[in-house]
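What follows is a structure written as structure tokens; I'll ask about it next.
The values are calculated or read from the model by the stated rules, or taken from the named source; none is laboratory data. Note that this is a predicted model, so its numbers are computed, not measured. Cβ sites come from the backbone with ideal geometry, for glycine too, and all protein chains shown count toward neighbours. Surface areas here come from the heavy atoms of the whole protein model, side chains and all, with no ligands, DNA or RNA. Shrake-Rupley method; radii C 1.70, N 1.55, O 1.52, S 1.80 Å.
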Amino acid sequence: MSDIFARATSINHDFISRLITPGDKAVDATVGNGHDTIFLANLVGDTGKVYGFDIQDMAIERTKNLLSAHNLSNRVLLIADGHENIDKYIQHPVKVIMFNLGYLPGGDHGIITREETTIAALKKSLSLLTPHGVLSVVVYSRHHGGEREKQAVESFFESIPKTEFHVVKINHLNRLSSSPYIIIAQRND
Ligand SMILES: C[S@@+](CC[C@H](N)C(=O)[O-])C[C@H]1O[C@@H](n2cnc3c(N)ncnc32)[C@H](O)[C@@H]1O
């Protein structure tokens, strides 16, 4: 807790933990090793639900095992599909949607999030948020195509009307510009 500013992911968790209450619905759009899925599953409680997307079987399998070890499997629906298809699986409003861009740590570094699918998913995600719901993205740009994806993500968030969403960016000023940082959009009403 005392070192929350050390990593973009821990700053992001700190914000999101203030927003979610038991019974909420949340989405982990990039399950990976399951750290965000577990984090969300703990917050939504037994009456809430987390939907987790990943295109890699390895990510889904690892997270399934992690959830089982933490006794949290009943709170999470893991979906082996791209987040760009989020609207096929979720039609009701959700409180929080989290993205963590890049490749699966400890996995195939060639399987990465991509500009086209990321932007399609972000667009759909905005329209799924509850009033005061939050869309957060931890942006990495060191993977192949990462710089292009980062520019597209920034342009996307810059174009969101301020009358509809508050959009903030949080980065470490004394680190390389390619270091991970956060963009958070909160629906105004
Ligand atoms: C940086 S990792 C996520 C890390 C994860 N949040 C964690 O806590 O371990 C990015 C993940 O996005 C996944 N991914 C890439 N393209 C995707 C897509 N179109 N839909 C869903 N997941 C995707 C990758 O397979 C990878 O596991």
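Cβ neighbours within 10 Å, averaged per peptide: list 92-101, 149-158 in order, most packed at the top.
Highest-to-lowest ranking by the protection proxy: 92-101, 149-158.
Per-residue accessible area for I182 at 1.4 Å probe radius, Å² rounded to 10?
0 Å²
In whole Å, how far is the Cα centre of the stretch 105-173 from that of the stretch 4-48?
Using only Cα atoms, the two centres lie 17 Å from each other.
Between R175 and H70, 0.36 nm times their residue separation minus their Cα-Cα distance comes to what?
Here the segment from R175 to H70 would lengthen by 34.3 nm.
Please name which of T130, I184, H143 has its Cα lying farthest along the dipole of the stretch 120-189 towards the positive end, using unit charges on Cβ (Lys, Arg +1; Asp, Glu -1) and the Cα centre as origin.
Highest projection toward the positive end goes to H143.
Work out the length of the dipole vector of the stretch 4-187 about its Cα centre, built from +1 on the beta-carbon of each Lys and Arg and -1 on the beta-carbon of each Asp and Glu, and round it to the nearest 20 debye.
Details: 19 positive and 19 negative charges, 85 e Å.
In debye, rounded to 20, the stretch 4-187 gives about 400.
First compute the accessible area of the stretch 4-187 with a 1.4 Å probe, then give the percent of it belonging to carbon and sulfur atoms.
Using a 1.4 Å probe with all protein chains present, the stretch 4-187 comes out at 54 percent carbon and sulfur.
On alpha-carbon atoms, Rg over Rh for the stretch 4-187 using Kirkwood Rh?
Over the Cα atoms of the stretch 4-187, Rg/Rh equals 0.93.
What is the set of long-range amide H partners of I97 at a cut-off below 5 Å, with H atoms built 1.01 Å from backbone N?
Correct list: V27, V134, L135, S136.
Net charge around I16, counting only other residues with Cβ within less than 15 Å of its Cβ (Lys, Arg = +1; Asp, Glu = -1)?
Combined, the nearby Lys, Arg, Asp and Glu give +1.
In deg cm²/dmol and to the nearest 500, what is the mean residue ellipticity at 222 nm of the chain if only DSSP H runs of at least 4 residues count, each as -39500 (n - 2.57), divided by the residue total?
-10500 deg cm²/dmol
If you don't mind, there's one more thing I want to ask. Relative contact order for the chain using alpha-carbon pairs under 8 Å, separation at least 6, rounded to a whole percent? Walk me through the intermediate numbers first.
On the way: 350 pairs, mean separation 36.0, N = 189.
For the chain, the relative contact order is 19 percent.
Set Lys and Arg Cβ to +1 and Asp and Glu Cβ to -1, take the dipole of the stretch 4-187 about its Cα centre, and tell me which of G52, V94, T30 lies farthest positive.
Value: V94.
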